[in-house]
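Worksheet for the structure shown next.
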Amino acid sequence: TKTSIKRTRSYHSSPPSDEESLSKTMDNCSTAFSSNSQTPMLSHPPVNRYNFSISLPQNLFRRRKWGHKLDDDALAQALMDCKNPTEGLENYEEWTVDLKRLVMGAAFAEGTFGKLFRGKYNGEDVAIKILERPADKPEIAQALERQFQQEVMILATLNHPNVVQFIGACRKPMVWGIVTAYAKGGSVRQFLKNRQNRPMPLKLTVKQALDVAKGMAYIHGLGFIHRDLKSDNLLIAADKSIKIADFGVARIQVHSEGMTPHTGTYRWMAPEMIQNWPYTQKVDVYSFGIVLWELVTGLLPFQGMTALQAAACVVQNGARPAIPKDCLPILSEIMTRCWDADPEVRPPFSDIVNMLETAETEIMTTVRKARFRCCMTQPVIVD
């Protein structure tokens, strides 16, 4: 399929104003390496076969003018209303949620066009994503319909221990609903934030990185691209295993100039995707390299910079987060290969799995202290 799903972006702070220009973002890139930045930077020169002049579309700077029109209670009622028919997705009717078995709980997260609720289905804890249909925005409604269809089709196809379990979905006149298993540990990003950005024990770091790599190897093996692999979309189950989630912007891999470029989140986004270039599954490998750095250091990538500054610095300056000096060499190698500017240099996830399994063995046999002890408070630039 060549269906392209538009990104429903979540802003935790105000997006850039209309007046903020790309040139200003590029100017700020040079000042982002100041003492205010809490993420050391490693200069990563782009490969010669690419011209890394950044070209971020101007529509990225437009302020979003549409927000939720329904509050939490109204969203839940719109989904659970028995007066309106409940519809499934054509060819996926067996995945239609039986609302009589669904118990809605409180909302715990939100994006621009939807919210996540806790709940129970058949007595089991679940997460319920509700996408609101904007009645006065037909183009947005069509894009959300496509996103809903794509996410349901992908989730119904996937069956892997490291991919979030799909329970079902349904349509209502005002909303769409997607139900998945609930991960009690929350997201990896929230977990690291709760630890006050302290690194995790080395053994757990490698184990969780291996979970992500195995899940992504499976996803790529089916021909999908996630396109938004980041710590916010990696959920921690009760047994501390990782579940890959949020396939709203995932798609079948195609090689076309028409692929939707700006779908991921800039701190984790590959240079070719930032620049509107055609891309492959290797954009997920790049994102994994950044995620692995997060697991190793406990920090937010490009902390102290805006997302657009991070994107500009990645492309224009070849910037990457600096790897701690006491990092296990094999993990350092994985990171640098994964976030290489040349997609062809980035290894497939099957190779990454093998390297991480080697790292697991090395930890068990040669590493006594299973925890990184590194100070990442002073900015460092390595040319």
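Quick check: is even one residue across the stretch 329-338 touching a helix residue (DSSP H, G or I) at 6+ places or on another chain (Cβ under 6 Å), surrounded by fewer than 22 Cβ atoms within 10 Å (Cβ to Cβ) and not aliphatic (A, V, I, L, M)?
Checking the stretch 329-338: not a single residue is touching a helix residue (DSSP H, G or I) at 6+ places or on another chain (Cβ under 6 Å), surrounded by fewer than 22 Cβ atoms within 10 Å (Cβ to Cβ) and not aliphatic (A, V, I, L, M).
Looking at the structure I just gave you, is Thr86 closer than 25 Å to Lys184 by Cα, surrounded by 14 or more Cβ atoms within 10 Å (Cβ to Cβ) and among the polar types (S, T, N, Q)?
So Thr86 fails the test.
Name the residues in the stretch 110-132 that are without any contact (Cβ under 8 Å) to a residue 60 or more places away in the chain, out of contact with any Ser or Thr (no Cβ under 7 Å at 6 or more places or on another chain) and of a type outside the set (S, T, N, Q), would you?
Those that are without any contact (Cβ under 8 Å) to a residue 60 or more places away in the chain, out of contact with any Ser or Thr (no Cβ under 7 Å at 6 or more places or on another chain) and of a type outside the set (S, T, N, Q): Lys115, Leu116, Phe117, Lys120, Tyr121, Gly123, Glu124, Asp125, Ile128, Lys129, Ile130.
Would you tally the residues in the stretch 153-164 being of a type outside the set (A, V, I, L, M, F, W, C) and in a helix (DSSP H, G or I)?
So the answer is 1.
Going by what's in this entry, would Ala312 be described as buried (at least 23 other Cβ atoms within 10 Å of the Cβ), touching a strand residue (DSSP E or B) at 6+ places or on another chain (Cβ under 8 Å) and more than 24 Å from Arg195 (Cα to Cα)?
No: the conditions fail for Ala312.
Which residues, counting only those in the stretch 206-250, are closer than 19 Å to Cys338 by Cα, basic (Lys, Arg) and over 15 Å from the mean Cα position of the chain (by Cα)?
Residues satisfying the conditions are Lys207, Lys214.
For the stretch 308-327, what are the residues that are part of a loop (DSSP other than H, G, I, E, B) and in contact (Cβ under 8 Å) with a residue 60 or more places away in the chain?
Hits for the stretch 308-327 are Asn317, Gly318, Ala322, Ile323.
What's the total number of residues in the stretch 144-167 that are within 18 Å of Leu235 (Cβ to Cβ) and out of contact with any Leu (no Cβ under 7 Å at 6 or more places or on another chain)?
11
Please specify each residue of the stretch 152-184 satisfying the condition of being more than 21 Å from the chain's Cα centre (by Cα) and either of a type in the set (D, E, K, R) or assigned by TED's automatic domain parsing to the domain that holds His226 (or both).
Arg171, Lys172
Which one of the conditions (1) assigned to a strand (DSSP E or B); (2) more than 22 Å from Glu87 (Cα to Cα); (3) aliphatic (A, V, I, L, M) does Val206 fail to meet, given that it meets all the rest?
(1)
Residue-by-condition table, conditions (1) in contact with a strand residue (DSSP E or B) (Cβ under 8 Å, 6 or more places away or on another chain); (2) surrounded by fewer than 20 Cβ atoms within 10 Å (Cβ to Cβ):
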| position | (1), (2) |
| --- | --- |
| Asn162 | yes, no |
| Trp176 | yes, no |
| Lys193 | no, yes |
| Gly223 | yes, yes |
| Ser241 | no, yes |
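Which residues, taken from the stretch 339-363, are more than 15 Å from Phe288 (Cβ to Cβ) and either in contact (Cβ under 8 Å) with a residue 40 or more places away in the chain or in contact with a helix residue (DSSP H, G or I) (Cβ under 8 Å, 6 or more places away or on another chain) (or both)?
Passing the criteria: Ala341, Asp342, Glu344, Glu357, Thr358, Glu360, Glu362, Ile363.
Kindly establish whether Val206 is under 30 Å from Ile334 (Cβ atoms) and crowded, with 22+ Cβ neighbours inside 10 Å.
So Val206 passes the test.
Taking the stretch 122-152 only, how many residues are assigned to a strand (DSSP E or B) and surrounded by fewer than 15 Cβ atoms within 10 Å (Cβ to Cβ)?
2
What's the number of the condition Thr157 fails, among (1) surrounded by fewer than 16 Cβ atoms within 10 Å (Cβ to Cβ); (2) in contact (Cβ under 8 Å) with a residue 60 or more places away in the chain; (3) of a type outside the set (D, E, K, R); (4) farther than 30 Å from Gly223 by Cα?
Of (1) surrounded by fewer than 16 Cβ atoms within 10 Å (Cβ to Cβ); (2) in contact (Cβ under 8 Å) with a residue 60 or more places away in the chain; (3) of a type outside the set (D, E, K, R); (4) farther than 30 Å from Gly223 by Cα, only one is false for Thr157: (4).
The values are calculated or read from the model by the stated rules, or taken from the named source; none is laboratory data. Note that the structure is a prediction, hence the values are computed from the model and not measured. Using ideal geometry, Cβ is built from the backbone for each residue, glycine included, and neighbour counts are taken over all protein chains shown.
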